[in-house]
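Before any comments, here is the structure.
The values are calculated or read from the model by the stated rules, or taken from the named source; none is laboratory data. Predicted, not measured: the structure shown is a model, and the values here were computed from it. Methodologically, a virtual Cβ is constructed for each residue, glycine included, from the backbone with ideal geometry; neighbour enumeration extends over all protein chains shown. The protein model used for the area step is the full one, side chains on, heavy atoms only, and it has no ligands, DNA or RNA in it. Shrake-Rupley method; radii C 1.70, N 1.55, O 1.52, S 1.80 Å.
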Amino acid sequence: MKNAVDPFTVEVIRHALTAAAEEMSFVIMRSARSPLLREAGDLSSAITDHAGNLIAQGRDIPIHLGVMSFTVKKFLERVPEQRLKPGDVWFLNLPEVGGNHLPDVKAIRPVFVDGRLVAFGVSLAHWGDIGGAFAGSYFAGATETWQEGVRIPPVRLFTAEGCDREKLDFLLANIRGPAEREGDILAQVASTRAAEIRIHRLAGEHGWPTIRAALDRMDDLSEAQMREAIAGLPDGVYEGEDFLDDDGPGGQPAAIRVRIEIAGEHASFDFSKTDDAVSGPLNTTPFVAMAAVYYAIKAIAGPEIQPNSGCYRPLAIATRPGSILDPGIDRPVVGGNHETSQRCVDAIVRALEPAVPERLTAGGSTTAGLLIFGGRRRDGAIGTFYETHGGGEGARAERDGVPVVRVHLTNTMNTPVEVVEAEYFVRVDEQRLRVGSGGAGRHRGGDGMVRSYLVLRDGMALTTMFERRVIPPYGLQGGEAGAPFRVTLHQRDGGSRLLGGKENLRLQAGDRVVMETSGGGGYGAPV
Amino acid sequence: MDRWQVGIDIGGTFTDVVALLPPSGETRAAKVPTRRGDPVASILEALAAVGLAAAQVADLVHGTTLVTNAIVEDRVEPVALIATAGFEDVLDIGRAARLHLYRLDLPPKLAAQVPPQRRIGVVERLDHSGAVVTPLDAASLAAAVARLKTLGVESVAVSLLHAYANSDHERRIGAAVKEAVPFVSLSHEVNPETREFERTASTVLNASVMPIAARYLTLLGRSVPGRTRLHVMHSSGGMASPEAAADRPLVMALSGPAAGVTAAAHVARELGLARVLSFDMGGTTTDVCLIAGGKAEISTEARLAGRPVRQPMVAVESIGAGGGSLVKLGTGGLTIGPDSAGAEPGPAAYGRGGTLPTVTDANAVLGYLNLERKLGGAISLDVAAAKASLQPLAQRLGLGVIELALGVQRVANATMVRALSRVTVERGVDGRQCSLLAFGGMGPMHAVGLAREFGMSEIVVPRFSSGFSALGCIVADMSYTQQQTVRMLSAAWDAERFQSLHDGMLDALIAPFRRQGHQAETVTVERTALVRYVGQSYAVEVPFALPLDIGALGAAFRTRHHAVYGYATDEPWEMQSLRLSARIARTAHLKPIETQQTTQPITQPKPNSLSRCWFDRTGPRDTPRFDRDTLAAGARIAGPAIIEDSWSTVVVPPGTAATVDHFGHLFLREASPK
């Protein structure tokens, strides 16, 4: 045979590696403590090769998966291979080391076969708290990264001998809910251990050289398919923009701009004309912008292409230092991970509207729609209840949008009302569709929802982090915009006010927080 | 007159029957085509095929795809939903996650099963402990009943927030709506577990199949004589009375696969196999299940046609790969399924106009299928068509058709290994230590290859392997299983509350036995605690006995947690849910097959014919074909060989040997250790 490895062996190895990544997610989701891991599934798993190239991923969160294709590469720039040993598990969260924001902590385990480094198991998990100025670690008023929580450079928390207790205690001493966090850390370690066991077994069956050859072949095939997919888009230069509601609490809208050039089998995405870095926590890292492009091109041009490092070779992506998407390491970024990233996708969709409208979905709730309640849980522990809120999906050329669903770069689940009430001093006194919130059009956008929280204890902390409050989800091809987000605080004493998209405040028992999520944009002029 | 125990499994294409006469252990088995849309006729024809009249049958147990198909084909009945006021849209909201990460064209979630005009809110509210926050409002209930009458539905689901912790409001609503509609499903009866979307969706699904199940069970009851006791197979691997099944038809959602798994568990007990993976490969899907200590693992998280079916059921992992699965060139390599050639036209080898290559076509090209025989007496094989279907792919890959077919085998096995590894990993079991029990139309053909790929060394192809689900119907115990959220903390254990929850659950569970005149003492109860660390969401299963020893339960939990997740700590834990299973055992003894005298040398069985089969790239091997029915106990056949009956083919590759035990089971093992 011409190739070193036959197509059947390639498929056998692909199955085994994907199963290993899925097992990693199973282990962490089932055994973790943070509600946003165990109920929402705000976690992702990946396996990379010795150089940090992605070779397998779970069915997880697209933004994480994109970012993780940079994490190990950047990690290796800081920690040379010679320092890695079997049994190590390194933790890190620095945004500039192939990261996104401080709460997403990555556990990295090097995997050795016959004394040679061959792969890494990487478990990314969103911790319920990473320290900083406010419970839940979304400090709305942050103007620099150090206010946002503990910055963890690559730290070896576990070795073959077990846990490095002093380092772990140092870390836990700086975050809220240390017991819950320790449970999450153990779950992440167990998750990377599962990857190691599977890789060892696979290497024992096939030998690493065969696996390496299979990986190269998969990369080449994905690259070929991506080239074909890009060639299926009409050549041209397309420009698009979308806006963040504000550049921080009470600020002005800020633009994300993209210039896309499709030329044969190549595509370039230039975000240079994006606005300058903002003062508040909506900046993000170039890795997040690249993850957004990876997602968008795959969804629009080649959804079935196996994602690996080969898949993205035909892409060129540029961000401008000093802009929102490349702000420098001192800037706060916590909200940018799930807000600004989604705006990158929106800008790409708007740019491509003249080229391939039939492949696009009108604007949806491209925001986490986040509320974080902090305080004592019913079991007495300090805890944060971190809830993302989905809205209506945008409509498409062939169908209406569906109600209440997570779109594009995120795919977290909600926390059931019955679980919320059993664990926190909060009662949900209403949860229903926000009827009529979807935008009109030949096809209608999906409806958003209303969820009302009644606070049962004094002194609870609340953080808001959401977008699409000012700039609503757009329609396409003449469809109308969906209704924007609206969060209202009804105070116990009778007063009420609309909350901003980035606020930290204290609540009293009897206060009611009503979340109304956006409807999706319509598609085509209404008939 | 001695009367027969009969098991009948009505599948999509064929109906299987196995009959047993208890005193002698005599068995009969047959297969007849399923009468689509007329299950009663299928049952009567199956009885006739084994030469029995209905009056000769003592117990008739049947597995049915009635409920499964109604759900999968979306032929369920319209229902109304009564929910806590303010929460009527729970089905639209769901869990908000989307089904496909990158496919924007596909709808990201299913439409709610109950449209807005049939959702009715009732003013009431409980908290998570079951305490009443807002009493059930009489006026709002009266209005709900009045509105229900205007909707023209036969069936209603009632699902209130936190009803798993306090059933009072649901009971009162249930009593009030009985005057308006004949069928009522209450969420605390269908699925008394927390998480409102999954509970409501399951309750609505139950309500929507209730009228269908009731009509069918009534018709069936009328068609068999009064002396024949009727039972149906339910999803957790036991049989239920028609009355119990009519109240909660959702228990039949996995009736078919559960019957096969039940038979596998029976064989595992009979052979004393500690850990077994059941492997049921059919035309479009493959079902696998872990059986530990002779018991099938149970799960409560399953989806059918994308809808949650939260019921205790055998933990079957289903994967979209079967004989009819299409072979394609995908990313990286060759892929199998989940698209399938379906029943029509089916694989190219079936000669009914199929042109796309399938797993069965690869098997035909390799010579495993018998060209002399008609499959099921009806389908004759067309190897040329099979070859032609594989040719274009082989050309693209620069391979010969045989090489491609051998590759298809490997990839099909790797695809099915995913299912095997999932069911073992999720239970903390090393799958390589399990025995593989292969049945179904295709299972015995792929068993050795699959076992080699997964690293298993023992394979059993049981007697009745091609009508195995019908056997499961005969050997199933009469049983009921329920799981309920209890939320009991180890740090503040309330033994009295636990006892009262336990007793209440047990009482409801054995009610159907009482109604049939059984004494409570004859019922065996199995108890499983679902335990987690405080702050986790998912629990691990820990069996326990009464009186409950909290210390021992905690220790057993930590051991299980370590086995499944690789670590454990000494933190406090919580009993999230309690699962009880009540059963009355049936004893089914099958007569052994004819055994050769041990004093005489075992005669080598004679092959029927010889064919050329490919097992690797070195060239075809002359392979003898044996008729399975003629093999006596003690017979040993060295590979390469094919052992077949009218319905299935056991492939015994070179280096493997098959032996027959006195129950008629085939054991396949490596001929000599590598």
Taking only pairs six or more apart or across chains, which ones have beta-carbon atoms under 9 Å, a first residue in the range B:542-564 that is touching a residue at least 12 places away in the same chain (Cβ under 8 Å), and a second residue that is open to solvent by 60 Å² or more (accessible area, probe 1.4 Å) and of a type in the set (Ser, Thr, Tyr)?
B:542/B:559
Only one of B:150, B:134 that is more than 20 Å from residue B:206 (Cα to Cα), within 12 Å of chain A (Cβ to nearest Cβ) and at pLDDT 95 or above:
B:134
Taking the range B:67-91 and keeping residues under 20 Å from residue B:137 (Cα atoms), in contact (Cβ under 8 Å) with a residue 40 or more places away in the chain and within 14 Å of chain A (Cβ to nearest Cβ) leaves B:81, B:83, B:84, B:85, B:87
Pull up the range A:54-67, narrow it to residues that are open to solvent by 10 Å² or more (accessible area, probe 1.4 Å) and at pLDDT below 85, then point me to the one that is nearest to the other protein chains (Cβ to nearest Cβ).
A:59
Test for residue A:343: is it surrounded by fewer than 24 Cβ atoms within 10 Å (Cβ to Cβ), among the charged types (D, E, K, R) and modelled with pLDDT of 95 or more:
no
Say we look at the range A:24-37 and pick out the residues that are of a type outside the set (D, E, K, R) and open to solvent by 10 Å² or more (accessible area, probe 1.4 Å); which of these is farthest from the other protein chains (Cβ to nearest Cβ)?
A:25
Selection within the range B:111-127 - facing chain A (nearest Cβ under 9 Å), under 33 Å from the mean Cα position of the chain (by Cα) and open to solvent by 30 Å² or more (accessible area, probe 1.4 Å)
B:111
Identity of the residue in the range B:152-191, free of Cβ contacts under 8 Å to residues at least 40 places away in the same chain and aliphatic (A, V, I, L, M), that ends up nearest to residue B:485 (Cα to Cα):
B:163
Quick test for you: out of B:556, B:552, pick the one residue that is within 30 Å of residue A:127 (Cα to Cα), open to solvent by 20 Å² or more (accessible area, probe 1.4 Å), small (Gly, Ala, Ser) and more than 14 Å from chain A (Cβ to nearest Cβ).
B:556
Which numbered condition residue A:520 misses (of (1) surrounded by 24 or more Cβ atoms within 10 Å (Cβ to Cβ); (2) modelled with pLDDT under 95; (3) not β-branched (Val, Ile, Thr)):
(2)
Looking at the range A:171-179, is at least one residue under 23 Å from residue A:83 (Cα atoms) and either more than 22 Å from the chain's Cα centre (by Cα) or among the polar types (S, T, N, Q) (or both)?
yes
Filter pass, residue B:455 being at the interface with another protein chain (Cβ under 10 Å from one of its Cβ atoms) and either open to solvent by 20 Å² or more (accessible area, probe 1.4 Å) or farther than 26 Å from residue B:299 by Cα (or both)
yes
Looking at A:46, A:21, A:40, A:51 in this structure, which one is of a type in the set (Gly, Ala, Ser), in contact with a strand residue (DSSP E or B) (Cβ under 9 Å, 6 or more places away or on another chain) and either more than 14 Å from every other protein chain (Cβ to nearest Cβ) or assigned to a strand (DSSP E or B) (or both)?
A:46
Which one is farthest from residue A:450 (Cα to Cα), of the residues in the range A:425-438 that are more than 10 Å from every other protein chain (Cβ to nearest Cβ) and either among the β-branched types (Val, Ile, Thr) or open to solvent by 20 Å² or more (accessible area, probe 1.4 Å) (or both)?
A:425
Per the list (1) within 14 Å of another protein chain (Cβ to nearest Cβ); (2) modelled with pLDDT of 95 or more, residue check on residue B:538 breaks on (2)
Looking at A:133, A:119, A:51, which one is at pLDDT 95 or above and surrounded by fewer than 19 Cβ atoms within 10 Å (Cβ to Cβ)?
A:51
Return the residues of the range B:662-674 that are open to solvent by 10 Å² or more (accessible area, probe 1.4 Å) and outside any loop (DSSP other than H, G, I, E, B); say none if nothing qualifies.
B:667, B:669, B:670
Could you grab me the full set of residues in the range A:269-308 that are part of a helix (DSSP H, G or I), more than 13 Å from every other protein chain (Cβ to nearest Cβ) and open to solvent by 10 Å² or more (accessible area, probe 1.4 Å)?
A:286, A:287, A:290
Is it true that some residue in the range A:68-77 is at pLDDT below 95, open to solvent by less than 10 Å² (accessible area, probe 1.4 Å) and touching a Gly at 6+ places or on another chain (Cβ under 8 Å)?
yes
Answer from A:422, A:381, A:397 - the residue that is over 24 Å from residue B:109 (Cβ atoms), in contact with a His (Cβ under 8 Å, 6 or more places away or on another chain) and either open to solvent by 10 Å² or more (accessible area, probe 1.4 Å) or within 9 Å of another protein chain (Cβ to nearest Cβ) (or both)
A:422
In the range A:403-418, anything open to solvent by less than 10 Å² (accessible area, probe 1.4 Å) and either out of contact with any Cys (no Cβ under 9 Å at 6 or more places or on another chain) or within 7 Å of chain B (Cβ to nearest Cβ) (or both) is listed as A:404, A:405, A:406, A:412, A:415, A:416, A:417, A:418
Unique residue being more than 27 Å from the chain's Cα centre (by Cα), away from chain A (no Cβ under 13 Å) and over 30 Å from residue B:203 (Cα atoms) when the list is B:329, B:393, B:371
B:371
Only one of B:544, B:557 is touching a Lys or Arg at 6+ places or on another chain (Cβ under 7 Å) and at pLDDT 95 or above. Can you tell me which?
B:544
Test for residue A:222: is it buried (at least 16 other Cβ atoms within 10 Å of the Cβ), among the hydroxyl-bearing types (Ser, Thr, Tyr), out of contact with any strand residue (DSSP E or B) (no Cβ under 7 Å at 6 or more places or on another chain) and touching a residue at least 24 places away in the same chain (Cβ under 8 Å):
yes
Scope the range B:396-429; condition in contact with a helix residue (DSSP H, G or I) (Cβ under 7 Å, 6 or more places away or on another chain), more than 20 Å from residue B:319 (Cβ to Cβ) and more than 8 Å from chain A (Cβ to nearest Cβ); matching residues
B:400, B:401, B:402, B:404, B:405, B:428
Do any strands (runs of 3 or more DSSP E) lying entirely in the range B:284-344 carry at least 2 residues that are at pLDDT 90 or above and open to solvent by less than 30 Å² (accessible area, probe 1.4 Å), and which ones are they?
B:286-292, B:325-329
